[in-house]
Amino acid sequence: MYDKHTLLGSIWRHAVLIFLAAFAIFPVLWIASASFNATNNMQLQQLMPPNPSLVHYRELFTSDRYNYGMWLWNSLKITLVTSTLTVVLAGLGAYAFSRFRFKGRRVGLLGLLLIQMFPQMLAMVAIFLLVLSLGSIFPWAGLNTHTALILVYLGGAMGFNTWLMKGYFDTIPRSLEESAKVDGATPFQAFMRIILPLARPILATIFILSFITVYSELMIASILLRSNARFTLAVGMNLLISDQYGQRWGIFAAGALIAAIPFLVMFAISQRSLVSGLTRGAVKE
């Protein structure tokens with residue numbers, strides 16, 4: 001076993017890190033290369049395309065065969081609404097389970113945990129029939145509507161996120177809220193001004209996890225959405241290559257790179273909250 005202070009040990013560790021970095025970066029470079037390769041053929045794919053071109057990017061937004069701009073907008077709209085509502089509803093529910101003592105509290109927590117053990121894929125037939133029936137009463141929340149898709153996503157995300165946030169709230173000292181109440185704050189004011197600022201890391205984490213899950217979800221969206229103008233990006237990209245994968249490889253790669261931009265922006269914005277401390281600023285230094 002090499003000593004960590006020796007030159008050989010340092011070289012060995014750096015070699016492992018370089019290998020892992022190359023292993024993670026190579027697929028991204030391959031997709032980027034395909035997006036600039038004008039041949040649009042997987043069999044002729046090269047890491048360094050001989051004649052780089054932006055033809056695939058132009059075709060995504062200008063061709064009548066694709067509706068990429070609408071798919072991207074639909075995904076962003078559904079994802080942002082779902083992620084925001086998930087954080088709000090999970091935060092309120094987790095705070096109630098963490099701070100209040102009421103009849104049925106334990107049963108409610110166990111019920112959330114039990115429901116979360118069964119993935120939504122096992123209930124696809126029931127979800128389809130439920131949305132179909134709901135649409136006969138409320139057409140704006142039936143099949144082929146984004147409202148129905150958001151409601152289904154919220155139902156699948158609440159259990160795990162409430163449990164995760166409840167555990168985080170349990171670690172925040174109650175004395176902080178009690179001090180605020182002594183100063184005249186109401187329970188809701190203490191929640192908004194004391195708990196939420198301290199819980200910013202878990203709020204950002206849940207928002208990002210929900211964003212990633214909803215933005216890339218395919219199966220539920222493909223079942224509930226029917227028209228091309230209503231498709232999310234995942235459904236549209238799947239249909240883009242469902243019959244001619246090898247001949248539309250370049251266009252698919254260009255769409256995949258554009259689709260990754262919201263992830264990069266989201267992580268850049270939330271990075272500070274993700275790495276901040278649990279009670280940052282609550283304790284005097």
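The values are calculated or read from the model by the stated rules, or taken from the named source; none is laboratory data. In this text, all values refer to a predicted model and were calculated from it rather than measured experimentally. Note that each Cβ is placed from the backbone with ideal geometry, even for glycine, and that neighbours are counted across all protein chains shown.
Every residue, every condition in (1) at pLDDT 85 or above; (2) within 21 Å of residue 81 (Cβ to Cβ), yes or no:
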| position | (1), (2) |
| --- | --- |
| 107 | yes, no |
| 121 | no, no |
| 152 | yes, yes |
| 179 | yes, no |
| 184 | no, no |
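Considering only the range 87-95, I want to know if a residue exists there that is in the same structural domain as residue 150 (by TED's automatic domain parsing) and exposed (fewer than 11 other Cβ atoms within 10 Å of the Cβ).
For the range 87-95, residues in the same structural domain as residue 150 (by TED's automatic domain parsing) and exposed (fewer than 11 other Cβ atoms within 10 Å of the Cβ): absent.
Only one of these conditions is not met by residue 110: (1) more than 30 Å from residue 169 (Cα to Cα); (2) in a helix (DSSP H, G or I). Which number is it?
Residue 110 satisfies every listed condition except (1).
Which one is nearest to residue 93 (Cα to Cα) among residues in the range 177-222 that are in contact (Cβ under 8 Å) with a residue 24 or more places away in the chain and of a type in the set (Gly, Ala, Ser)?
Only one residue tops the list, namely 199.
So residue 241 passes all but one of these: (1) modelled with pLDDT of 85 or more; (2) more than 15 Å from the chain's Cα centre (by Cα). Which condition number does it fail?
Failed condition: (1).
For the range 204-216, which residues satisfy the criterion of being outside any helix (DSSP H, G or I) and under 16 Å from residue 145 (Cα atoms)?
Of everything in the range 204-216, nothing turns out to be outside any helix (DSSP H, G or I) and under 16 Å from residue 145 (Cα atoms).
Within the range 143-164, is there a residue that is closer than 20 Å to residue 199 by Cβ, among the small types (Gly, Ala, Ser) and assigned to a loop (DSSP other than H, G, I, E, B)?
no
For the range 1-50, which positions are modelled with pLDDT under 80 and part of a helix (DSSP H, G or I)?
7, 8, 9, 42, 43, 44
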